[in-house]
Amino acid sequence: MQAQLRETADELAGVLWREHTVYRERGGGVVIRGEHVGRWISMAPTGRRDQALIRAGRILDGGTTAPARLEAVADLTAGTAELAGICRRLLAETALDTAPAPAPRGRGNQAGRQGRKPKPARRPKGRRMSLASWVVLLSVAGLVALWAYSVFASVGF
């Protein structure tokens, strides 16, 4: 099944994009990356004969991949043209999902605040050191004092 997925992915990649990278996933599937369009297609075995789970997603800044936006199950015996049609539909819907939402109008609009510097984080009011911190600090100071007393007592000062 993995060899069939790899062959199908190579053919499909050539149909979808001129510039692409095809590689194997850890789970036995195959990924086709189109860096120039910022999208990826994944083909994974479904457990049924001659079927694959096709997923589509975005490539984020820095080259990491976002989780899959859409997925579909396709028959691998259908042919490259039909698989390419399914992939193009998933990629088109993925592109629509990533369109930025319009900014809300009115009082809640943050557009005017973009030029301002963020305020520094405030310290919580009240105790600055917890009781447990004081107990540990006093215990360490007591041990140091006890050590110093034992050293000076043995010397005879």
Which length gain, in nm to one decimal place, applies between Tyr149 and Trp134 when the Cα-Cα distance is subtracted from 0.36 nm times their residue separation? 3.2 nm
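Using the Cβ atoms and a cut-off under 15 Å, what net charge is assigned to the surroundings of Asp61, where Lys and Arg are +1 and Asp and Glu are -1? Intermediate values should be presented prior to the final figure.
Details: positive: Arg33, Arg39, Arg58; negative: Glu35.
With Lys, Arg at +1 and Asp, Glu at -1, the net is +2.
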Projected onto their principal axes, the Cα atoms of the stretch 1-94 stretch, largest extent first, over whole-Å spans of 36, 26, 21
Residue-count net charge about Ala13 - beta-carbon cut-off 14 Å; Lys, Arg +1, Asp, Glu -1: +1
Quote the accessible area belonging to Thr64 in square angstrom, nearest 10, computed with a 1.4 Å probe and with ligands, DNA and RNA left uncounted. 80
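The values are calculated or read from the model by the stated rules, or taken from the named source; none is laboratory data. Remember, predicted model here, so these are calculated numbers, not experimental data. Glycine also receives a Cβ, built like all others from the backbone with ideal geometry; neighbour counts cover every protein chain displayed. All accessible areas refer to the heavy atoms of the entire protein, side chains included, with ligands and DNA or RNA removed. Shrake-Rupley method; radii C 1.70, N 1.55, O 1.52, S 1.80 Å.
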